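For reference, the structure is listed below as structure tokens.
Since every read-out is calculated from the coordinates, none of them should be taken as a lab result. Treat the numbers as computed from the prediction; the structure is a model and nothing was measured. Note: ideal-geometry Cβ built from the backbone for every residue, glycine included; neighbour counts use all protein chains shown.
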Amino acid sequence: MNYNSTRGQAPQMNVCSAIIKGIASDKGLYVPESFPKLTKSWEELSMLNYKELAYTVLAPYIPEFTEEELKACISGAYDGKFSEEEIVPVRKAGGAWFIELYHGPTAAFKDMALQLMPWLLTKSVEKQHEDKTVVILVSTSGDTGMAALKGFENVPGTQIVVFFPDGAVSPVQEQQMRTASGNNAHVFSILGNFDDAQTTQKQILNDKELSERMAEKGYTFSAANSMNIGRLIPQIVYYVWGYSRLVANGTVKAGDPVNICVPSGNFGNILSAYYAMRMGVPVKRLICASNKNKVLTDFINTGTYDANREFFVTNSPSMDILISSNLERLLYHLAGNDAEEVRSLMGQLTEKGRYTVGAKVRDGLEALFSAGYADEDEICAAIGELYNSEGYLMDTHTAVGYKVWKDYAANENDYTPALIASTASPYKFAATIADSIGIGQGADQFDTIDRLMIATGYPIPEGLKDLRSRKVIHTESIRREDMKQRVEQLLGL
Ligand SMILES: *Cc1c(COP(=O)(O)O)cnc(C)c1O
């Protein structure tokens, strides 16, 4: 299994090098050259537990690892780190099935990949005899930052540098990142939005002169964002798992299709669902759900991607994104691996902030994808409705998915069994949740968390329990123009 750059002008790599590099030297993203098929039957797959299934799904993507090595990575990632024994429970509410991806250490779905990725990365470094300190750059709209800090906490041979948009993440997310205690952790807030941080981060990663100076000092850059293929592959597992649960509980017969709805921002999570489909999960529609920053909804419905629009800070901040990195990978696959077309489209995006896809990509989108969005009031209404009717509590991002799926099902009269990616614990966005279910906020975010627990009986995630008493370590706020210089400084370059 080799990996190609979506822009076709960087060398093909094995998975180890692709994970270490993070982003290709031609600014493209690494994609697998082919999609391995699930070889076991659904009857067999539905008998496996999450870790066993993870091994089956991941092994063909990572042939460089022995069975023993990969299994050790999977155990290291998931043993004792998740509060639910199943790791990912799949629960029915409101007529759909929620794949609960948020029972890990930082209470968001990013843990599913970021608990595993450090194991894959450090093993890859060992195998490639790189023997360098890996400096992991992260730009985050809220959840990736903490999940990466937790995943890489005190991991030898790594330094982790996180940039988040100042004032644009939830108070819980901010407190988590500012109190991150790993001995290799560096956290900065950026005076700008997520797109600013991600664009500058990509420039730093592609800075040849800087990387030469880094190499001399024994450093190499990598990225923990979903532009790194090491983030996407672990996310395929839970879509295969979600389908296998529906087979196991008799909701679908093996081979019958499901719909999958994913609240989306950088398009990594839903892209993993697409990869799961290419591997053999029977999918009728992939439903892309956006908040008020509905650039993806418009793209899927019209074939034109236009980032020239107002940017909104919303109550689902992890989806407040206008430049969705992973769409590039989907364009590549739908265009029939046409790197030239991708280069042209991405060039237009950089120059004009917009592009229109050709007929082939358009047809591919229409055949599989649907899209919709929910505004802030609709999000709150959906949370209140599902809690009051069934006692099921969702976070704001998951509520976007639920609302968009419900609209889709009603409009298309399509009640195919549906899986919805449930991406964060309601406690991460406690203030909005408390308002939505009508209990009102407490004096501060910590009070609100307690109130929510008393009112709903939902357990507070382990990782959020002692937030109040944690020591604030990272207080620095910088301009995006200074990101590169700050990285140089802290590495002593
Ligand atoms: C990151 C995130 C999303 C968006 O996922 P993408 O892979 O960026 O599309 C949705 N919800 C939550 C809670 C997230 O943290």
Point to revise | Formal net charge of residues neighbouring G358 (Cβ-Cβ distance under 14 Å; K, R +1; D, E -1) | key: -2
Exercise for review: Just check the stretch 113-220 against the gyration tensor rule for me: Cα atoms, a ≥ b ≥ c as the square roots of the eigenvalues, rounded for a/c under 1.5, and otherwise prolate or oblate depending on whether a/b exceeds b/c.
Suggested key: oblate
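Is it possible to state the helix-based mean residue ellipticity at 222 nm for the chain, with each DSSP H run of 4+ residues giving -39500 (n - 2.57), the sum divided by total residues, to the nearest 500 deg cm²/dmol? What is it? Can you show the working numbers first?
On the way: 22 runs with 222 residues, N = 493.
After summing the helix terms and dividing by residue count, I get -13500 deg cm²/dmol.
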Review point. Between the stretch 314-343 and the stretch 26-49, how many Å separate their Cα centres?
Key: 20 Å
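Explain nothing, just the number: dipole magnitude of the stretch 19-115 about its Cα centre with +1 on each Lys and Arg Cβ and -1 on each Asp and Glu Cβ, in debye rounded to the nearest 20.
Values: 10 positive and 15 negative charges, 80 e Å.
The calculated dipole for the stretch 19-115 is roughly 380 debye.
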Check your understanding: Near the amide H of S222, under 5 Å away, which other amide H atoms are found, from residues 5 or more places off or on another chain, if H is placed in the peptide plane?
Key -> V135, I136, L137
Point to revise | Size of electric dipole in the chain: Cβ of Lys, Arg +1 and of Asp, Glu -1, about Cα centre, debye, nearest 20 | key: 460 debye
Practice item. Using amide H atoms built 1.01 Å from N in the peptide plane, name the residues 5+ places from F98, or on other chains, whose amide H lies under 5 Å from its own. Key: R91, K92, A93, I420
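Which order do C288, C73, C380 fall in if you start with the one that has the fewest other Cβ atoms within 10 Å? Show your work: numbers first, answer last.
On the way: C288 30, C73 25, C380 19.
Going from least to most buried by this count: C380, C73, C288.
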Exercise for review: Assuming a ≥ b ≥ c are the square roots of the Cα gyration tensor eigenvalues, decide whether the chain counts as rounded (a/c under 1.5), prolate (otherwise, with a/b larger than b/c) or oblate.
Suggested key: rounded
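Summing Lys, Arg as +1 and Asp, Glu as -1, what charge do residues with Cβ under 12 Å from the Cβ of Q175 carry, Q175 excluded?
Values: positive: R178, K428, R468, R470, K471; negative: E174, D444, D466.
Local net charge: +2.
Cα-Cα over 27 Å: which of K37/K360; K403/K428; K127/K465?
On the way: K37/K360 24 Å; K403/K428 19 Å; K127/K465 38 Å.
Pairs exceeding the cut-off: K127/K465.
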Exercise for review: Would you kindly derive the ³J(HN,Hα) couplings of the stretch 30-40 from the backbone phi angles with the Karplus curve 6.51 cos²θ - 1.76 cosθ + 1.60 (θ = phi - 60°), listing them in order in whole Hz, with x for Gly and Pro?
Suggested key: 6, 10, x, 5, 7, 9, x, 8, 5, 9, 7
Practice item. Just check the stretch 260-358 against the gyration tensor rule for me: Cα atoms, a ≥ b ≥ c as the square roots of the eigenvalues, rounded for a/c under 1.5, and otherwise prolate or oblate depending on whether a/b exceeds b/c. Key: oblate
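Given the Cα-Cα distance of A72 and Q348 and 0.36 nm per residue of separation, how much length would full extension add, in nm? List each step's numbers first, then the result.
Numbers: separation 276, 0.36 × 276 = 99.36 nm, distance 4.35 nm.
Roughly 95.0 nm would be gained on extension.
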Review point. Under the Karplus relation 6.51 cos²θ - 1.76 cosθ + 1.60, θ = phi - 60°, what is the ordered set of whole-Hz ³J(HN,Hα) values for the stretch 379-391, x standing for Gly and Pro?
Key: 4, 4, 5, 5, 4, x, 4, 6, 5, 5, 7, 10, x
**Study point:** Residues whose placed amide H lies under 5 Å from that of T158, excluding near-sequence neighbours
**Key:** V134
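In what order do M214, M112 fall by count of nearby beta-carbon atoms within 10 Å, going from fewest to most? Walk me through the intermediate numbers first.
Details: M214 20, M112 30.
Fewest-to-most ranking of M214, M112: M214, M112.
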Revision key, fill the gap. Computed ³J(HN,Hα) along the stretch 229-243: with the Karplus parameters 6.51/-1.76/1.60, θ = phi - 60°, integer Hz and x for glycine or proline, the list is 4, x, 8, 6, 4, x, 6, 5, 4, 6, 7, 5, 4, x, 5
**Study point:** Cα pair distances in the stretch 227-316, grouped into 5 Å bins until the bin that holds the longest one, percent each
**Key:** 3, 13, 20, 20, 17, 14, 8, 4, 2, 0
Revision key, fill the gap. Given the candidates A409, A434, P459, the one whose Cα lies deepest towards the positive end of the charge dipole of the chain, counting +1 at each Lys or Arg C-beta and -1 at each Asp or Glu C-beta, is A409
Practice item. Would you mind putting 30-41, 251-262, 219-230 in packing order, based on average other-beta-carbon counts within 10 Å, highest first? Key: 219-230, 251-262, 30-41
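Rounded to the nearest 0.05, what FRET efficiency is calculated for N413 and S211 with R0 set to 60 Å and r the Cβ-Cβ distance? Intermediate values should be presented prior to the final figure.
Values: r = 54 Å, r/R0 = 0.90.
It comes out at approximately 0.65.
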**Study point:** Mean separation of Cα contacts under 8 Å (6+ apart) over length of the stretch 389-493, as relative contact order %
**Key:** 19 percent
